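Participant: The structure that follows is given in the form of structure tokens.
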Amino acid sequence: MATTLRVFILIAVGLVAGFGLTHYTTSAQSTTTPTNTDTSDCPPWSFYGDTGPLYWGELCDAYAKCETGLEQSPIDILIDESAVDPTLSAIQFKYTAPTATNYSVGVPSLPWTGNSITFPWGSNNTIARGPLPENTVYKLIQLRYHSPSSNHYEDAGYPLEIQLIHQSASGQYAVVTVLFDADDRYPSDFLTALYANMAGASNPPTPDLITLMHDSMTLGYWTTMGSVPVPPCTENVIWVTAVQIMYAPRDLLNSFGGVNSRRARPIQPLNARVIRQYHPPQENNTVAGLLIALSMIFVALVMLILLIIVVRYKMRFVENI
């Protein structure tokens, strides 16, 4: 009887312990992983009012990261918060010249899609290296714009920001952004072609991403981890921002919305993140400096030779007298 009672007690204790462990594990997981990541039942969100960015995290459980995430986008790029990282390398852009057959205007079914116009692109355009994981290729899947810019630089926003969104085979995102400022002295073939396609012009030119990336990356880039800038605000997104600010006429920039049509989330805290900066090698500048130095030495030698000739001539002249 006593033995049976002990067995019964041991079984009961085991069941209670098992229940407690299961309950603890489930509770621990729920603190790090949202219980509901399905956004199909979430109410519509926007950039304004009660469904705007300040309330995204409260609209549904799947949007919780919008409020609780520690690596959210966009950010303000501050020089004091950045550091040059010598381990970074240039990004390898493999973009094909766009044609009318691989360019179309539409809204694909992607988590980036929201209240901003999106532009699908061809699937043969890729990026690699730079801050991206080693031996990983990211395909360009979408082009978006924000007017005014979503990201800031030194506490200042810009009239326009172009975002090129890429995705790896494992589903991770990488975003390359270019900021545009107003200057009527500089036409922008890229933005002119982009807007012509948006406006439905007949036989519009095609935006040239190859030239845009070449020109905007001449001074390097900033990079940090961030998030999808709209619900569900998923993190683990690699953000890259070109250091070189591009320019375009003010009227053209205003065509994309302007300051009265904000489609961008407010700046998010940097928290513990560090903004890493890549500086391209300066071989060309070094060679140019060397050539200038050699030229100056040559000129100095010529002047010295002339001075010696003049001095000797004067000495002979004095001796003859």
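Participant: In what sequence, largest accessible area first, do 251, 61 appear using a 1.4 Å probe?
Facilitator: Descending accessible area places them as 251, 61.
Participant: Applying 1/(1 + (r/R0)^6) with R0 = 41 Å to the Cβ-Cβ distance of residue 189 and residue 70, what FRET efficiency is obtained, to the nearest 0.05?
Facilitator: That pair, residue 189 with residue 70, gives E of 0.55.
Participant: On a full-extension model of 0.36 nm per residue, what is the gain between residue 297 and residue 274, subtracting their alpha-carbon distance, rounded to one decimal in nm?
Facilitator: Full extension of this stretch gives 3.9 nm more.
Participant: Please turn the phi angles of the stretch 140-157 into ³J(HN,Hα) values with the Karplus equation 6.51 cos²θ - 1.76 cosθ + 1.60 (θ = phi - 60°), one per residue in order, whole Hz, x for glycine and proline.
Facilitator: Going residue by residue, I get 6, 10, 6, 10, 10, 9, 10, 9, x, 5, 7, 7, 10, 10, 6, 6, 10, x Hz, with x marking Gly and Pro.
Participant: So, one more: Per residue of the stretch 130-138, in order, report the coupling 6.51 cos²θ - 1.76 cosθ + 1.60 (Karplus, θ = phi - 60°) as ³J(HN,Hα) in whole Hz, putting x for Gly and Pro.
Facilitator: 3J(HN,Hα) across the stretch 130-138, in whole Hz: x, x, 7, x, 4, 6, 10, 10, 10.
Participant: Over the stretch 150-238, what number does the Rg to Rh ratio reach, with both radii from the alpha-carbon atoms and Rh per Kirkwood?
Facilitator: Ratio of gyration radius to Kirkwood radius for the stretch 150-238: 0.99.
Participant: With all protein chains present, calculate the accessible area of residue 68 using a 1.4 Å probe and round the result to the nearest 10 Å².
Facilitator: Per-residue accessible area (residue 68): approximately 90 Å².
Participant: Based on alpha-carbon atoms only, what is the radius of gyration of the stretch 170-214 relative to the globular estimate 2.2 N^0.38 Å?
Facilitator: Working: Rg = 13.3 Å, N = 45, 2.2 N^0.38 = 9.3 Å.
With N residues counted in the stretch 170-214, Rg over 2.2 N^0.38 Å equals 1.43.
Participant: Sticking with this structure for a sec: Quick check: residue separation of residue 40 and residue 96 times 0.36 nm, minus the Cα distance between them. What number comes out in nm? Don't jump to the answer; show the numbers that get you there.
Facilitator: On the way: separation 56, 0.36 × 56 = 20.16 nm, distance 3.55 nm.
Gain in length upon complete extension: 16.6 nm.
Participant: Hey, another quick one. Once amide H atoms are placed 1.01 Å from N in the peptide plane, what residues at a sequence separation of 5 or more from residue 141, or on another chain, have their amide H within under 5 Å of its amide H?
Facilitator: 165, 166, 167
Participant: Let me ask something additional. With the crude spin-label approximation of a point 7 Å out along Cα→Cβ, what separation in nm comes out for residue 155 versus residue 87?
Facilitator: In this crude label model, residue 155 to residue 87 measures out at 3.3 nm.
Participant: Once the Cβ-Cβ distance between residue 251 and residue 211 is put in as r, and R0 is 25 Å, what FRET efficiency do you end up with, to the nearest 0.05?
Facilitator: With a Förster radius of 25 Å, E is 0.70.
Participant: Ok, one more. Name the residues whose placed amide hydrogens come within less than 5 Å of the amide hydrogen of residue 237, ignoring near sequence neighbours (fewer than 5 apart) on the same chain.
Facilitator: 226, 227
Participant: If 166, 214 are ordered by their accessible area, calculated over protein heavy atoms with a 1.4 Å probe, which sequence runs from highest to lowest?
Facilitator: Details: 166 0, 214 130 Å².
These residues rank, largest area first, as 214, 166.
Participant: Between residue 78 and residues 5 or more places away or on another chain, which pairs have amide H atoms under 5 Å apart, with H built 1.01 Å from N, and which residues are they?
Facilitator: Distant-sequence amide H within range of residue 78: 154.
The values are calculated or read from the model by the stated rules, or taken from the named source; none is laboratory data. Remember, predicted model here, so these are calculated numbers, not experimental data. Cβ atoms come from the backbone with ideal geometry, glycine included; neighbour counts cover every protein chain shown. Protein only, heavy atoms only, side chains kept; ligands, DNA and RNA dropped before computing areas. Shrake-Rupley method; radii C 1.70, N 1.55, O 1.52, S 1.80 Å.
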